[in-house]
1. Using packing as a proxy for protection, rank C:21-27, B:265-271, B:56-62 so that the peptide with the highest average count of other Cβ atoms within 10 Å comes first.
2. Check which residues have an amide H placed less than 5 Å from A:MET55's amide H, if you skip close sequence neighbours.
3. What do you get for the angle between helix B:220-233 and the principal long axis of chain B? Use alpha-carbon atoms, 0 to 90 degrees, nearest ten.
4. Residues with amide H under 5 Å of A:SER429's amide H, sequence separation 5 or more or different chain, H placed in the peptide plane at 1.01 Å from N; which?
5. Is the range A:437-484 best put as rounded, prolate or oblate by its Cα gyration tensor, with a ≥ b ≥ c the root eigenvalues, rounded for a/c under 1.5, and otherwise prolate when a/b is larger than b/c, oblate when not?
6. Note down the relative contact order for the range A:316-462 as a percent, whole number, built from C-alpha pairs under 8 angstrom at least six residues apart.
7. Quick one: 3J(HN,Hα) in Hz for the range C:262-267, Karplus 6.51/-1.76/1.60 with θ = phi - 60°, rounded, Gly and Pro as x.
8. Can you give me the span-like helices of chain A, meaning DSSP H runs with 20 Å or more of Cα extent along the axis and Kyte-Doolittle mean at or above -0.5?
Amino acid sequence: MSEDNKDDTSSLSRRTFIGACAAVPLTGAVADLAMASTADGTQGAAASSGAPSTMSFDVLVVGSGGSGLRAAVYAMRAGNLSVAVVSKTMPTRSATCMAEGGINGVISYPGQKDSLDSHAFDTVKGSDYLGDQDCIDFFVEKASEAVRETDFWGTPYSRAKDGRIDQRFMAGHQFPRTNYSADKTGHALLHSNFDYALGAGVKFLIDYQLLDVGVEDGVCTGVVMRNLKTGEIVPVRARAVIMATGGYTRIFWTRTSTPFIATGDGTAAALRAGLPFKDPEMIQFHPTGVAHGGVLITEAARGEGGYLLNNKGERFMQRYAPGKMELAPRDITARAIETEIAEGRGFGEGMTAYVLIDLRHLGREKIIERLPQIRHVGLMFENIDLIDQPLPIRSTAHYSMGGIDVINFHTMETAMPGLFACGECGCESIHGANRLGGNSLAAAMVTGKEAGIAAAAYAAKAQMPDDKALQRLADQWRDHFRENTARTKGTPFTEIRDRMAQVLWDGMGIYRTEKGLAATVEALRDLHAEYRTASIGNAGQVYNSAYTHYIEVGNLLTLARCAALAALDRRESRGAHTRVDYPKRNDKDYLHHNLVSLKGDELVLNQRPVTIVRFKPEERNY
Amino acid sequence: MRTITFDIDRFDGTRSWTQSYAFEYDPTLTVLGSLIRIKEQQDPSLNFTASCRCAICGSCAVRVNGNAVLACDTRLDTVLKQWGADTLHISPIGNFKVISDLVVDWGDKIERLRSAKPGLKAKKEFSADSGCQQSPADFAKIQKQWDCILCGSCASECNKLTDNDRDFLEPFVYTHANRYAQDSRSADGMVHVKEMVKQGLWKCLHCMECVTKCPKQIAPAADIAAMRAMAFAAGNTDGKGPRHAEAFRTDLENTGRLNEVRLVPRTEGLIDAATGRMGFTYRMLKHGKLGALEAAELYLTDNKPIEGIDGLRKIIRYERDGK
Amino acid sequence: MTRKYAFFPGCVLNAAAREAREATEAVAARLGIELVEIPGWSCCGASQVQDIERETALAVNARNLALAEKMGLDVLTACSTCALMLRTARQELLAGRKDDINKALATAGLEYKGTADVTHILWLLADTAPEWAPLVKKPLGKVKVASFYGCHTVRPPKVMDHESHLNPQSMETIITACGATPVLIPERLKCCGFHAVFPAEPTALRLTANTADDAKKNGADCVLTPCPLCQMQLDMYQTDAQAAVGKGGDTPVLHLTQLVGLALGIEREKLGLSRHIISTDALLAKC
C-alpha cells in the first residue's frame, strides 16, 4: 500500500505543532503555557526559583474584536516580542462582526471631490463639537490609510467598475466615503484581521476572562484573568497591556443592539485600577431595534419606504418631522418613538413596550428582494413575517462614545504607564457626543494599529514587572469566587441586571431629566449594594458561565453609575445626550469632557476642556 | 399547556449526564431563546455560548437531535416540526472537544486554521499604501467564502473528521484556504492549495454534511473541489485522489462511460493494484460479480464508445479549450 | 400504474452493479413502469470529474438532460450520485447557466430547454407505495431491514429536496410496503466512504464496517440502500473492512429494488442475489 492508503496520524499534528511554535517565537510552547520567555531572553523569576510560575508576555491584548486583532498584528510586526490576545470567547464573537454599513476613509481617485478636511469637519460636527479636533485630524488621515492597508491585507471590499473600492453615502457625511463589503463590512474586517493575525503568528488565549489590572507604583504590571476552562484565577505579567474590550451599551441589557459579551470589562477594570472613564454619559441610540432583545432593524427598512405606526394606526412621524417623515435623522426618530410610548400611544408596557414598523404596502416581492435580512430578523425574534404583519420595534442602545480616558491619541496611551486602550473601550475622543455611521470601524482600525505600535515600542524598553500586585489581586479574586458562589440565598443576579436595564432605560435613556437622573443615581447605588448579596446559582469551577456573567453584571453596574453621574452633571443637550430640561447645547459651561474616577466605592467627577483647532463650534443643523 | 422538553447533554469537566428541562411552549422562541429561558429560569449552571444572537458571530451552534444548527437562527417551531416531537435532544456540536455542557473548545481549531495560511499575500503591483484593484466580478468569486462565521457547524457531522481528524481538516479550514486561493489579489493562490493538498484535500468523502449544515449557505465541499481543480490544473496530478478523478475524465472523453476494470490500476498503479487487491479481485470473480472474460476484455479493449461519442467529445473540448 | 421515464442507468448499473440494473428493470416491468434507456447517455462525472473540470461535467450532464428532453420524458435513475449530479446540473442550468452551456451543446447539435425533471426510483416507489403494495405476493414478514439512505440521496437538501434530509421516511415506507420490518440504526444517514475509497481507504473501510456491524447488532437481516455505490461499497468491501477493523463481515447489503423484487415475487435469479460478495442465503431463507 502506498503512503496515502495509511492513516496519516502523525504528520498533521506535527505540522500544526511546529506552526504553533513558530507562531510564538519566544515563548516556545503551544497552549496555555505556564511560562513565557521575554524579549531579552530572560525568564520569570518565579520559574527559575521553582515556585509556581506566572504567565508573562511582552504585549498582552485584552479583547479580540477589530481593534484588538489589529493591535496584536502591529505589536507582532515590531519583531522579537511575545504577543498574545486574550479573549473570553473564541476570537471572532465580538461586536465588530455586527457592523454592516462600512468603514469611512477618503480614497483618492480621478475626479474625487472628497477630502480629509471634509471628513474631519463632518466628524467634528457629528460629534456636536465634543470630539477633540487634533485627534480627529489624525484620525481621518489614518482612516484613509487603514482602508488601503486592509485591502492589501485581504479584506474583501465591494468594488466599483474601475476596480477601486466602492463607497456609499451614510447619514451626516457630505460625500460618499463609506467603504463597504456588501452589508457585512464589520464581519469582513473582523475576519480579515483575524486571518492576518493568524498568519502573522499572533497567539490566542481563548476562554480567559479579564478580572483586573495589576498596578504597582502607578505602573501597569499585567492582568488577573480567570481561565474559564478550569476555573483557575491566574496572574499574567505583561510589559504592556492593550485594552480592547469594546463598549458598555449592555447596561441597557435587553434594549441594545450589541452582543451579550460587550459588557465593558476592560473599562471597568481600568476604572478600578485608577484610570478615569471619559464621557460615560455619551451613548448612541438607534431608532429601530426589535421589541424583544433590541437587535437592529437597519435603516434600510425606512429607506425603502416603511411606515412607523402607533397604537391608533397613525404614521406618527407626521407630528415630529412632517417633511421627512420616516426618513428623519436617527435622533429625531428615536425621540419620536419614545414620546409616542411615553404618551400612551405605544403597545405593551415597561421594557417591552413598542411601536410598529409596517412594510406590507411595499409588497411581497420588494420585501423578499430588497429586505430579506430584515424580514429574517422579524421571523426569528418576533415570529412575525413582515410580508403579512407589522413588526414591533423600539429604539435600542447602539454605541458607546465614552470609554477609558486615552491621553495621547498618537499612541493610545492612558495616564498609567504600560496600559493602552483602543477601539470602542477607549475614548480619545474621536466621536465626542455622537458617532457618525462608518466611523466606528474606522476608529477600530486606526486606534488598534496605533496602540499596537506604541505598546510594542513601550514594551521593548520596559522591564518585565514583578507579580506581587497581581498575586495579591488574584488571591482577592479567589476569595471573591469562593464567597460569592457559596451564597445560596439572595436575589438572582440576573433579576438585578434586568432591573438595572429598566432603571437606566427610564432614567438615562433617550430622554433625560434632572429628576430622572438623580433617581437613577440612587437606584443604581441600591442595586449595586443588592448585587453584592445576590445569588449566582453555580459554584462549579469548570466554565462557570453564571459566575462569568455575575462579574459582567458587576462591571455594567459600575459603569452605569459613572454614566448616570456624568449625565446628571451635564445640564445641556449635546449629541446623543438629550436633557428635556436643558434642550439646548451650552458651550459656555459644557464644552468639556467628563472624567469619572473611582475612589474607594465613591465616584469622583472631573472635567477637561475639549481641544478646538480649526472648527469653531456652531449650531448643528443638517 | 403544551410542554416542550429539552434533553441536554451535560458535562462538568469530569462527569457526563443528560438532563431534562421542561418548559412551556412559546411560538416566539428560538432554540437559543429556549436555552436562555432554561438557564435563567431553571438552572444557572447550564453552560452554552452566545453573543450576537443574530447569526453573524458564530457562537451558538449546537446539535438538535444530532444535527448542528445555529441556535439563534433556528426557531423552536421549525425543529419541533422537523422532528415531529415535543422532546428534543440538545448536545454540543460534534468533532470538537467539549469544555462543559454545550461549550466547545476552539483552541486547537484555531491552530488548524493557521494551516490554510490565512491572510492575503498580494500581488507585487499592489501595496499597503495604495491598496489593491479588483473587478466586481472577481470580488463576487470570493464573496461567498467570506461569509464564514466560524460557527463549526460544517465540522459537526463531517463523516471524515468523525472517523479520523488527524489526516483531514475541518471544512471551514478548506473554505478559508480557498478564499485566498481564488482571490484575484493573491500573488500565488497555490500557496494555500499546496498546503491543503498536504493536509487531506483529496480525502473528502463527498458526504455533503458541510454543505447541508452551513447556516450561511456556503459549500465547503465546493471549495475543496475548486482547490482540487486548481491543484490538478497546476500539474499536481500524483496521488490516488487526482489519478482517480483523472481516470473518470479520461473514460468520459474516450468512450463516454467509466471502465471499472481499468479504474483500480489507473488509480493505484498496476503493481499496487495487482498485489494489494488480489483478494478483492479473487472474490469478485468467485462470486460472479465480474466475469473473468468480460474483465479481461474490458481491460484490454475498453468499453464500446457510446452513441454520439463525437458530439460528446466536441462538447468536452468546447468547454476545455474552445471558449 | 402506467408511467414512462427516460432511464439513466449510470456506469455502475452497466457493470459492477448489474444486479441493481436487473432488479430495477424487473421491478419496473412488474409495476408497469416503462423505462426507456436514454440513447447515448454518458457518465455523470460521479462527483470526480466535477472536482477537476467543473464546467466539463456541467456540459456533459446538460447533454444527458437534453437527450432525455428529446424523448419528451422525465429522467429516472436508480443511483443517488447520478441523481445528485443530474439534479445539480439542472439547478445550475436553470439558475442562469443555460444559455452559456447551450453554446457547448450546439457543437453537437443539441439544445437544453429545461423541461425534463430528474427523479430517483426511491422517490417513485415511496410515493406510489399505496398503489403497488397490493401487488406484493411474498410479504417479507420475517425480515428485519436496516435502511441506509446514502449521502447523495438526501444531501444537499437544496438539490435533493424530496423529503426531510434529517428525518427521511421513504425507505421505511417501502420496507413496510414489502411487509418487512424497518430497523433504525445510528448509521442510517451516514457515509459509506465509497467516493474516497482510494485516497482515504482506512476511513472508508471503517465506515463500511461500522454500518455492517451496527445493522447486525440491531438485529437486522440486511442493509438496504437506494444507491448502488453504497451497495457496492458495503458489499464488496465488507470483507476487507472486517479484516482491517475486526467487525462486520457477514451483513448482506441489498439495493432497494432487490428487496422490492423479492416482495413482488420476482425470481431470485433475476434479481442477481447470488452474485453478492456477502452471501444472501440466510436472508433468502427468511423470505
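1. So the order, starting with the most tightly packed, is B:56-62, C:21-27, B:265-271.
2. It is A:ARG237, by chain and number.
3. Roughly 30 degrees, rounded to the nearest 10.
4. Under 5 Å from the amide H of A:SER429 lie the amide H atoms of A:ASP132, each far enough along the sequence or on another chain.
5. Since a/c reaches 1.5 but b/c is at least a/b, the shape of the range A:437-484 is classed as oblate.
6. The value is 15 percent.
7. 4, 5, 6, x, 6, 4
8. On the way: long enough: A:133-153 (29 Å, -0.38); A:185-200 (22 Å, 0.16); A:439-461 (33 Å, 0.61); A:468-486 (27 Å, -1.44); A:493-508 (21 Å, -0.26); A:514-531 (25 Å, -0.29); A:545-569 (36 Å, 0.70).
Span-like helices here: A:133-153, A:185-200, A:439-461, A:493-508, A:514-531, A:545-569.
No lab work stands behind these numbers, since they all come straight from the coordinates. In this text, all values refer to a predicted model and were calculated from it rather than measured experimentally. Please note: Cβ atoms are built from the backbone with ideal geometry, for glycine as well, and neighbour counts cover all protein chains shown.
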